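I have placed the structure first, in the form of structure tokens, so that the comments after it can refer back to it.
The values are calculated or read from the model by the stated rules, or taken from the named source; none is laboratory data. Please read these numbers as outputs of a predicted model, since none were measured by experiment. Note: ideal-geometry Cβ built from the backbone for every residue, glycine included; neighbour counts use all protein chains shown. In case anyone asks, the SASA skips ligands and DNA or RNA and just uses the protein heavy atoms, side chains included. Shrake-Rupley method; radii C 1.70, N 1.55, O 1.52, S 1.80 Å.
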Amino acid sequence: MNILTVADFFYPGVTGGASIVIYEVMRRLVTRGHQVKVLIRGQPETPAGMEGMQVFSYETPGWEALYPLAVGRCFNNLRRLLAEHPIDLINAHHAFSGIAAELVRLKRSQLPSVFFFHGPWHREAMAKEGILDEGVANSDLAFRYRLRRSIDRFILKRCTQVVGLSEYMGAEAEQILPGVSGKFCKIPGGVDTHRFRPAGNRKQVRRQLGLPEDGL
């Protein structure tokens, strides 16, 4: 299958939970024989190809008020990639990239899309600003938060399938768009047991770390 993934950020250009999850999922799809292309924003230093993936990027303005311009750039890059490459599926991560993907699909509705729901965009923005939203009605939210929530709602409604790491994320998506649970699929996170495993010689490792050999 030819998969086009679009995300706001990607490992190793950005380190963090979501970026690593996206990177690991995509490289595992490559090992299963799929052709994976990744479109990200603001990471021109990312190599053109790694782990069998083709990575494309586009620049975005740093000022938040100009983000609609960046969505337009994402939209244009998606259209270009779809015109130049055979694509069977769009896999969007994050609301910023997801809305561009769904706008592209307005004229290509036959192309299925999977939205990986990492969390509510408006609540993430509020948390960064130290604002609690428990018990706050949507109508009482500031406009910038209502807009983010509306964008999430548009994506959840338009996409073919929604996936998330947990039932909790499924419930969060359901709060934004009641009924979306009908197309939500939980794909739990995993651990690479070849990389993360108990050391063969614990005492040697503890010595290397400067810890007592007989400690807990």
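Simple spin-label estimate for Q110 and D88 gives 1.6 nm between the two label positions (7 Å along the Cα-to-Cβ direction from each Cα).
Taking every alpha-carbon pair under 8 Å whose residues sit at least 6 apart, the chain reaches a relative contact order of 15 percent. Of interest is the spacing of the C-alpha centroids, which for region 88-106 and region 172-216 amounts to 29 Å.
The count of lysine pairs in the chain that are at least 8 places apart or cross chains, and whose C-alpha atoms lie under 23 Å apart, stands at 5. Once the Cβ-Cβ distance of R79 and S150 is raised to the sixth power relative to R0 = 25 Å, the FRET efficiency obtained is 0.60. Would you please give the FRET efficiency between Q54 and D192, computed as 1/(1 + (r/R0)^6) with r the Cβ-Cβ distance and R0 = 35 Å, to the nearest 0.05? That gives a FRET efficiency of 0.95. Accessible surface area normalised per residue over the chain is 57 Å², counting heavy atoms of protein chains with a 1.4 Å rolling probe. Principal axis extents of the Cα atoms in region 91-189, from largest to smallest and rounded to whole angstrom, are 39, 29, 22. Against the empirical 2.2 N^0.38 Å (N residues), the chain has a Cα radius of gyration ratio of 1.16.
Order these peptides, 185-192, 8-15, 98-105, by their mean beta-carbon neighbour count within 10 angstrom, highest first. If you can, show how the numbers build up before the last one.
Working: 185-192: 10.0, 8-15: 18.2, 98-105: 23.2.
Per-residue mean Cβ counts within 10 Å order the peptides as 98-105, 8-15, 185-192.
Ignoring ligands, DNA and RNA, what percent of the accessible area of the chain is carbon or sulfur (1.4 Å)?
For the chain, the apolar C and S fraction of the accessible surface comes to 55 percent.
Two tests apply to each whole DSSP H helix in the chain, Cα reach of 24 Å or more along its axis and mean Kyte-Doolittle hydropathy of at least 0.0, and the ones passing both are 67-84.
If packing is taken as the average count of other Cβ atoms within 10 Å, what order do 25-31, 176-182, 119-125, 90-96 fall into, highest mean first?
Details: 25-31: 16.1, 176-182: 14.0, 119-125: 19.1, 90-96: 25.9.
Top to bottom by mean Cβ count within 10 Å: 90-96, 119-125, 25-31, 176-182.
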